[in-house]
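None of the figures in this text is laboratory data; all of them are computed from the coordinates on show. This one's a predicted model, so the numbers in the text were calculated from it and none came from an experiment. Heads up, the Cβs are rebuilt from the backbone with ideal geometry, glycines too, and the neighbour counts pull from every protein chain shown.
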Amino acid sequence: MIKLLNAGFTRLRKNKLFWLLTIFSIGLALFMIYTQYSDMKKYGEVIEVYQLMLNYSTIIGIVIAIFTSLFLGVEYSDGAIRNKISIGHKRTNIYLSNLIITIITSLFSYILFMIVIAIVGIPLFGTITIPISTLLKLIWCIFVTIIAYCSIFTFIAMMISNKTITAIVSIILVFGLMMCALTSLNILSAQEYIQAGAFVDGEMQFKKEKNPRYPSEEERKVHQTLLDINPAGQVFQLAGRSAPNLKVLPLYSLGIIVVFTGAGLVLFKKKELK
Amino acid sequence: MEIILETNNLEKKYKDFRALNHANIHIEKGAIYGLIGKNGAGKTTLIRIICGLQEPTSGTYTIYGVDNSSSNIESVRKRMGAIIETPSIYGEMTARDNLIEQYKLVGMPSLEGIDDLLKLVGLENTGNKKAKNFSLGMKQRLGIAIALANNPDFLILDEPINGLDPQGIIEIRELILKLNKESRITILISSHYLDELSKIATHYGFLDNGSIIKEISSEELMKKMEHKLTLKVSNQKDFVKYFEENKISYEVIDNKTIDVYGKYNLSKFINELSKKNLIADDIHEQEESLENYYMNLIGGGKND
């Protein structure tokens, strides 16, 4: 395993995609700071640095999907997995080392983003205004979600031997997860009562009415659970600080990690390689 | 003689298609074992199974005496190097970086041997050129260098000269001979280029429809391919006595047939025999090539 990780990180250091990811993380942080600073100057908005730190989480799934599918896809297209097996590495170790490299790279990207936000953002926007323990809890939850994302996309990359198909499936999946999360969020954010307007004797009159689209208690539970299970739903709630129960999110992520990694290990062990 | 690889009734089925059908091969230490078979005969399937990429449907194999069901099978694979179909190289990396990567993968304590390996395969001057821009021959040689990174004593090369130009074929051939002679590496090489294999192989395995139909050493094969006279005789003992006295290379095929190896002037040969009152009922002169031998094995015999 150590040999596989050593070789994996050596490849990572020389990999163009990794350096692009690094530049992207720094560039995105600087871009966010620039746009928020402009808004602050123009409209006098109050910008919270901690909020900027959390914002990257909403798109981290896309970044992981692209990185994992392309980085691990090469393992098949260039015959690296074939080589690793034929020189006696266990399939379990190959799978886990690839997962670890993906996780560390993704976390590195996020941490780098936060460091840039902290170094450049705090002097511009002021210090963090929420308790540090609250921020750390949110970041911890985001990190666990990142690991869950990595386990899903590593699973896909290790199951599909074609780099292009891996990339397409991963990207479709991440957008699918985001769409599902947004749908649930939209349903959950519906107002219970709405103002309905009607003309009475030629005059417009408003009255408070029950919103027909307001979900029932059961529906709310279902959508909240779907949102909590879905990594995209988790990060939307974390970035918006709207999660009703923060503690369950890492548990759902842990479930995803166990299911996808467990299934991946079993299936990869049986996979017929060409 | 120590057996490096042995397969026992190896079978591989893909749905209804049987890629390997009770294949049995035996590779001795120090051999260059040429695995011969037409496309689709099962060569690559056999190699994939030996390298652990696929599981056999039934049958077993042993590498250095370790059974494939043993938990130590991965450990013995650490003594192997392989190129399966295409060389396993990262196209975005240079030759040196690819070797550094392999050195880390196999856990070499230092990177000291890389220059020697690059020199061995003639890639010492490729500098910063990425492997994806290499010619097919260069890629193949880099693949061999990668397969040699762990100092293997068993090397598996699947169709290593496919698509190479004549110069590339010569380079690979010389490299294989050098590895076998100087480093005593046992080599399994699959190919359907019979001529090329005949220049390097010490042993042959003929694979057809998933089965090894014949295993033969190159010495035996050369003997079979030699110019020979096939004599049909009734007084076999007298002929044998004469051949022994005159140190003539021969082989008794059955109680009426003797093969005499070597190039002889047929009329002079018959004259010499007749002086000793040795009259053959029939004499047939023949010369066999590896190609003929192979064709007879796989199809000719069946069609005749």
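Results, tabulated for the structure shown:
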read-out: Proximal aspartates and glutamates relative to A:K207, as straight alpha-carbon distance under 20 Å, when same-chain residues fewer than 8 apart are discounted; value: A:E192
read-out: Rg to Rh quotient for the stretch A:21-100, alpha carbon positions, Kirkwood Rh; value: 1.25
read-out: Calculated P(r) of the stretch A:120-274 - Cα pairs past 28 Å, %; value: 43 percent
read-out: Helix runs (DSSP H) in chain A reaching 20 Å along axis by Cα, Kyte-Doolittle at least 1.6; value: A:57-77, A:132-159, A:163-188, A:248-270
read-out: Entries of A:K269/B:K29; A:K274/B:K12; B:K181/B:K223; A:K16/A:K163; A:K3/B:K43 with Cα pairs more than 21 Å apart; value: A:K269/B:K29; B:K181/B:K223; A:K3/B:K43
read-out: Kirkwood-based Rg to Rh ratio, the stretch B:141-288, C-alpha trace; value: 1.15
read-out: Residue-count net charge about B:K199 - beta-carbon cut-off 12 Å; Lys, Arg +1, Asp, Glu -1; value: -2
read-out: Environment charge at A:Y50 (Cβ cut-off 13 Å; Lys +1, Arg +1, Asp -1, Glu -1); value: +1
read-out: Separation in nanometres of the label points that stand 7 Å from Cα toward Cβ, at B:K130 and A:E218; value: 5.7 nm
read-out: For the stretch B:122-222, projected area of the alpha-carbon convex hull averaged over all directions, nm²; value: 7.6 nm²
read-out: Ordering of B:258-266, B:56-64 by burial proxy (mean other Cβ atoms within 10 Å per residue, highest first); value: B:56-64, B:258-266
read-out: Cut-off under 5 Å, modelled amide H: who pairs with B:A82 long-range; value: B:I156
read-out: Fraction of the pair-distance distribution of the stretch A:1-159 above 23 Å, Cα-Cα pairs, percent; value: 44 percent
read-out: Rounded to whole Å, sorted largest first: equivalent-ellipsoid semi-axes of the stretch B:113-168, Cα gyration tensor; value: 17, 17, 9
read-out: Rh by Kirkwood over Cα pairs, then Stokes-Einstein D for the stretch B:11-52 at 0.890 mPa s and 25 °C, µm²/s; value: 214 µm²/s
read-out: Taking the convex hull of Cα positions in the stretch B:188-232, its mean projected area over all directions (nm²); value: 4.3 nm²
read-out: Alpha-carbon radius of gyration plus Dmax, which is the widest Cα pair, for the stretch A:105-174 in Å; value: 16.5, 49
read-out: Over the stretch B:234-300: Rg over Rh, Cα atoms, Kirkwood Rh; value: 1.03
read-out: By average C-beta atoms within 10 angstrom, highest first, the peptides A:150-159, B:78-87; value: A:150-159, B:78-87
read-out: Rel. contact order, % - alpha carbon contacts under 8 angstrom, at least six apart, chain B; value: 20 percent
read-out: In Å, descending, principal axis extents of the Cα set of the stretch A:9-50; value: 47, 17, 7
read-out: Relative contact order (%) - chain A, alpha-carbon pairs under 8 angstrom, separation at least six; value: 26 percent
read-out: Listed residue pairs exceeding 29 Å between alpha carbons, taken from A:K247/A:K270; A:K84/B:K13; B:K139/B:K199; value: A:K247/A:K270
read-out: D (Stokes-Einstein, µm²/s), Kirkwood Cα radius, the stretch B:1-126, 1.306 mPa s at 10 °C; value: 95 µm²/s
read-out: Distant alpha-carbon pairs in chain B (separation over 37 angstrom), percent; value: 29 percent
read-out: Kirkwood estimate for the protein assembly as shown, i.e. one over the average of 1/r between Cα atoms, Å; value: 29.0 Å
read-out: Globularity index of the stretch A:39-82, i.e. its alpha-carbon radius of gyration over 2.2 N^0.38 Å; value: 2.03
read-out: Sorted peptide list for A:248-256, B:159-167, criterion being average Cβ within 10 angstrom, highest first; value: A:248-256, B:159-167
read-out: Cα-Cα P(r), chain A, percent of pairs per 10 Å interval; value: 6, 25, 28, 21, 12, 5, 2, 1, 0
read-out: Cα coordinate range in the stretch B:59-106, projected on the principal axes (Å, largest first); value: 39, 23, 13
